[in-house]
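Everything on this sheet refers to the single structure shown next.
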Amino acid sequence: MSFSRQQIKLKSADQVDKMQASADILASVFLEVRKLVRPGVTTGGLDEAIEAMIRDAGGVPSFKGYHGFPGSACISVNEEVVHGIPGPRELRDGDIVGIDIGVIRDGWHADSAETLPVGNVDAEAARLLRVAQECLGRGIAAIAPGERVSVVGVAIEEHARAHGYAVVESLVGHGIGRDLHEDPQVPNFRCYTMPDPVMEEGLVIAIEPMINAGTKRVVTARDEWTIVTADRALSAHFEHTVAVTADGPRVLTQRGTGVAAF
Ligand code: MG
Ligand code: MG
């Protein structure tokens, strides 16, 4: 526990404000991406548009070249959970598409994801999207200074299970700041094997539940990047970068106002 505590880099109010600038770029990019997602568009086309929007806004895509990742966004379709590589694949009516984007500006990262319907999706897919987004909201709502990080995962898992869904356990949320991935790890489930530090004011974390319609188990595709559900059932991913303040959670990547946590 003490080892973990030493790795956590708390942010000053000024530093959180700098992260807010990166997060603002992300929020505006997502509002535009929602308009671009439709049948016939390619994931590579979306990625190009996303990179252009980030750079036009004065940011740099955090993921481009990260451990060799070729895209600016991770774009994951249907049974793909996360880390999908953008390319020639055309989105089809009824697909769901997870889009995960990081932005760095003035040395500070923000990280966010949402999963969108393509055209008209069936009721099961729509329910998964709604519940997965609610899971993120529940995780965020559990944040309070003095609570342990584990309250986030407990809240997420309870909501997912109540709707018959499974939470991916092999990938977790994370601290974020000057590095895209910092301590602590933020599991989206009740976890007994990771350090469980107390959340203090100035902690900034990316909460990112991956909610599966079937099994929680995932496998890595042949491209060695894309994570896919083991049973090929649908998966949805939502993520916000959130600062812990004295008053509770501050969602840095909030998309404007009026649409729940988004
Ligand atoms: Mg992300
Ligand atoms: Mg992340």
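The table for this structure:
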quantity: Unit charges on C-beta of K, R, D, E only; dipole of segment 5-251, Debye; calculated: 200 debye
quantity: Relative contact order computed over the chain (Cα-Cα under 8 Å; 6+ residues apart), in percent; calculated: 23 percent
quantity: Label-point separation, Glu224 to Arg190 (7 Å along Cα→Cβ), nm; calculated: 3.9 nm
quantity: Label zone at Leu36 (point 7 Å along Cα-to-Cβ), backbone N below 13 Å, segment 80-124; calculated: 86-87, 99-102
quantity: Candidate aspartates and glutamates for bridging to Lys18, where Cα separation is under 15 Å - those fewer than 8 sequence places away on the same chain excluded; calculated: Asp106, Asp111, Asp179
quantity: Extension reserve of the Ser170-Arg217 stretch, reckoned as 0.36 nm per residue once the Cα distance is removed; calculated: 16.1 nm
quantity: Three-way shape label, segment 21-106, alpha-carbon gyration tensor, a/c 1.5; calculated: prolate
quantity: Per-selection metrics, segment 5-251 (Cα): Rg and Dmax in Å; calculated: 16.9, 48
quantity: Estimated FRET transfer efficiency (Lys9, Glu147; beta-carbon r; R0 22 Å; 0.05); calculated: 0.70
quantity: Segment 59-167: C-alpha gyration tensor shape, a/c 1.5 cut-off, then a/b vs b/c; calculated: oblate
quantity: Relative pair counts by distance (%), Cα atoms of segment 141-262, 5 Å bins; calculated: 2, 11, 19, 22, 20, 15, 8, 3, 0, 0
quantity: Cα-projected label distance for Ala57 with Arg127, points at 7 Å along beta-carbon direction, nm; calculated: 3.4 nm
quantity: Simple label model, 7 Å out from Cα along Cβ direction - Asp179 to Arg161, nm; calculated: 3.2 nm
quantity: Gaussian network model of the chain, Cα within-10 Å springs - most flexible of Val77, Val118, Val167; calculated: Val118
quantity: 222 nm mean residue ellipticity, helices alone, for the chain (DSSP H n ≥ 4; -39,500 (n - 2.57); rounded to 500); calculated: -9500 deg cm²/dmol
quantity: Gap separating the Cα centres of segment 120-177 and segment 213-260, nearest whole Å; calculated: 8 Å
quantity: 12 Å Cα-Cα reach of Lys216 towards aspartates and glutamates, excluding residues that sit fewer than 8 places from it in its own chain; calculated: Glu79, Glu157, Glu169, Asp231
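Just so you know, all these numbers are worked out from the coordinates, no wet-lab data involved. Just so it is clear, the model here is predicted, and its values are computed rather than measured. Cβ coordinates were reconstructed from backbone atoms using ideal geometry, including for glycine residues, and neighbour counts include every protein chain displayed.
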